[in-house]
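Engineer: Let me begin by handing over the structure; questions about it come next.
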Amino acid sequence: MPRPKKPTIAITGLEGRDNPYPGLAVARALRAARKDKIRILGLAYDPSLTGVFRRDLFDAVYVTPLPSDQPGVLLKRLDEIHAQDPITGFIPTLDSEVPLWTRIQSSFDERGWKTMLPPHAAVLARSKARLANFCKEHGFQTPRTEPVGDVDAFFARKDWKLPVFLKGPIADAERVTNLEEARLAHARLAAAWGFPVLAQEPLCGHEFDVAAVADHGRLDAAVTIRKVVLSTLGKAVAAEVVEEEGALKLARELVRAIKWHGPLELELMKSDEDGSFHLIEINGRFPAWVGMTPGAGLNLPERVLARLLGEVPPPAGNARKGTLFFRTSRTTIGRIDDLAALQTKGRL
């Protein structure tokens with residue numbers, strides 16, 4: 001009897017350098033759960049992304065269009081990949097991809113490709129430019145946020161004082177403490193991510209993250225961490241799993257209000273003043289630290305995979321309080337011929 005074919009899951013976001021993308025962490029969590037019982041494809045928009053040589057995680061890697069390319073360009077390439085390597089489902093992991101993929105959800109459905117994506121309206125509501133209005137409408141606390149056009153005119157206003165965080169419309173942020181820093185950061189963020197560049201008031205408190213899976217407006221499973229060590233970019237180098245009912249309550253209410261479906265990350269600040277939680281950002285994908293969730297006893301990517309495969313995951317328990325992760329560097333050995341093949345043939 002021929003052996004049944006393994007399900008094939010394609011994952012994006014294969015960068016693993018200073019500011020790692022979530023794709024490697026998602027692949028690591030799926031390998032931890034399913035070992036060699038699934039086939040994992042890596043989709044890389046650049047052959048130089050460091051994760052393309054992770055043969056322990058990916059069975060094959062394909063070069064794909066940039067996230068900013070038109071939907072037709074992406075679908076054509078995915079059709080080509082599917083013809084070589086039939087795909088069961090996708091887990092996109094980049095902020096810039098989710099708005100595009102939700103717009104073409106029907107095209108994925110027509111091809112029989114399984115995804116766990118939120119409604120497009122929810123993606124728009126959680127965007128950095130609209131989040132403050134969403135929070136005001138639904139009663140969530142969030143720092144004051146406004147678009148910055150002319151930097152000098154904006155900070156000449158008496159109601160805005162430095163330091164503030166300047167943020168790109170899709171990703172990236174920088175704390176600025178004087179007008180010259182603000183000018184430089186505004187120019188850099190606009191060049192990298194476009195407009196509007198946003199100003200957000202800083203809060204005094206402790207930083208928390210919630211990684212979660214939502215099921216049509218219901219919080220299915222979540223892991224909360226408190227950041228212990230931060231990089232110069234403000235990313236968690238080390239963090240511990242905590243039990244914070246205030247953070248989970250906010251996550252449940254927010255998922256219900258926005259009608260989210262699929263992976264998400266909530267960036268929160270717990271106020272030193274009164275202990276309340278303030279929503280900083282909603283990211284419509286798993287965070288790069290989600291690879292630690294199997295070690296904490298609650299594998300979030302595995303819960304998404306189960307749904308893609310038509311399985312019903314068991315009721316989610318709690319992640320183990322006190323579990324600590326440290327982010328480290330890893331050197332991967334490959335062959336120069338492999339990089340050449342990826343650049344010329346688009347497949348490794």
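Quick note: the coordinates plus some simple rules give every number you see, no bench work behind them. A quick note: this is a predicted structure, and the numbers were derived from the prediction, not measured. With ideal geometry, Cβ positions are generated from the backbone for all residues, glycine too; neighbour counts draw on all protein chains shown.
Engineer: With +1 on each Lys and Arg Cβ and -1 on each Asp and Glu Cβ, how big is the dipole of region 25-97 about its Cα centre, in debye rounded to the nearest 20? Could the numbers behind the result be given before it?
Structural biologist: Details: 10 positive and 10 negative charges, 92 e Å.
Taking the Cα centre of region 25-97 as origin, the dipole is about 440 debye.
Engineer: Round to a whole angstrom and tell me the spacing of the C-alpha centers of region 102-180 and region 222-252.
Structural biologist: Distance between centres, Cα-based: 20 Å.
Engineer: Going toward the positive end of the dipole of the chain, with +1 on Lys and Arg Cβ and -1 on Asp and Glu Cβ, which of Gly346, Ala257, Ala221 do you reach last?
Structural biologist: Going by the Cα projections, it comes out as Gly346.
Engineer: Can you find, among Ala182, Gln200, Val151, the residue sitting farthest towards the positive end of the charge dipole of region 144-200, where Lys and Arg contribute +1 and Asp and Glu -1 at Cβ?
Structural biologist: Looking along the dipole axis, the top candidate is Gln200.
Engineer: Give the relative contact order (percent, whole number) for the chain; include only Cα pairs under 8 Å separated by 6+ residues. Present the calculation step by step, with values, prior to reporting the outcome.
Structural biologist: On the way: 670 pairs, mean separation 66.3, N = 348.
Relative contact order comes out at 19 percent.
Engineer: Which value in deg cm²/dmol, rounded to the nearest 500, describes the helix-derived mean residue ellipticity at 222 nm for the chain, given -39,500 (n - 2.57) per DSSP H run of n ≥ 4 and division by the residue count? Please report the intermediate quantities before stating the final value.
Structural biologist: Values: 11 runs with 105 residues, N = 348.
The helix contribution divided over the chain gives -8500 deg cm²/dmol.
Engineer: With only Lys, Arg, Asp and Glu charged, each at its Cβ (+1 for the first two, -1 for the last two), find how big the charge dipole of region 156-239 is about the Cα centre; round to the nearest 20 debye. Don't skip to the end; give the middle numbers.
Structural biologist: Numbers: 11 positive and 10 negative charges, 47 e Å.
Dipole size: approximately 220 debye.
Engineer: Something else: Quick check for me: using +1 on Lys/Arg Cβ and -1 on Asp/Glu Cβ, what's the dipole size of the chain about its Cα centre, in debye to the nearest 20?
Structural biologist: The calculation lands at about 1060 debye.
Engineer: Kindly provide the chymotrypsin sites (Phe, Trp or Tyr not before Pro) of region 1-63 that DSSP labels as loop, not H, G, I, E or B, and whose Cβ sees at most 16 other Cβ atoms within 10 Å.
Structural biologist: On the way: sites: Tyr45, Phe53, Phe58, Tyr62; in loops: Tyr45, Phe58.
Counting only loop positions with at most 16 other Cβ atoms within 10 Å, none of the chymotrypsin sites (Phe, Trp or Tyr not before Pro) in region 1-63 qualifies.
Engineer: Can you pull out the trypsin sites (Lys or Arg not before Pro) in region 1-98 whose DSSP state is coil and whose Cβ has at most 16 other Cβ atoms within 10 Å?
Structural biologist: Working: sites: Lys5, Arg17, Arg28, Arg31, Arg34, Lys35, Lys37, Arg39, Arg54, Arg55, Lys76, Arg77; in loops: Lys5, Arg17, Lys35, Lys37, Arg54, Arg55.
For trypsin sites (Lys or Arg not before Pro) across region 1-98 that sit outside H, G, I, E and B with at most 16 neighbouring Cβ atoms in 10 Å, the list reads Lys5, Arg17, Lys35, Lys37, Arg55.
Engineer: Across the chain, where is the longest run that never hits GluC sites (Glu not before Pro) in a DSSP loop with at most 15 other C-beta atoms within 10 Å? Before the final figure, lay out each step's value.
Structural biologist: Values: sites that count: Glu243, Glu273, Glu311.
The segment 1-242 is the longest one with no such site.
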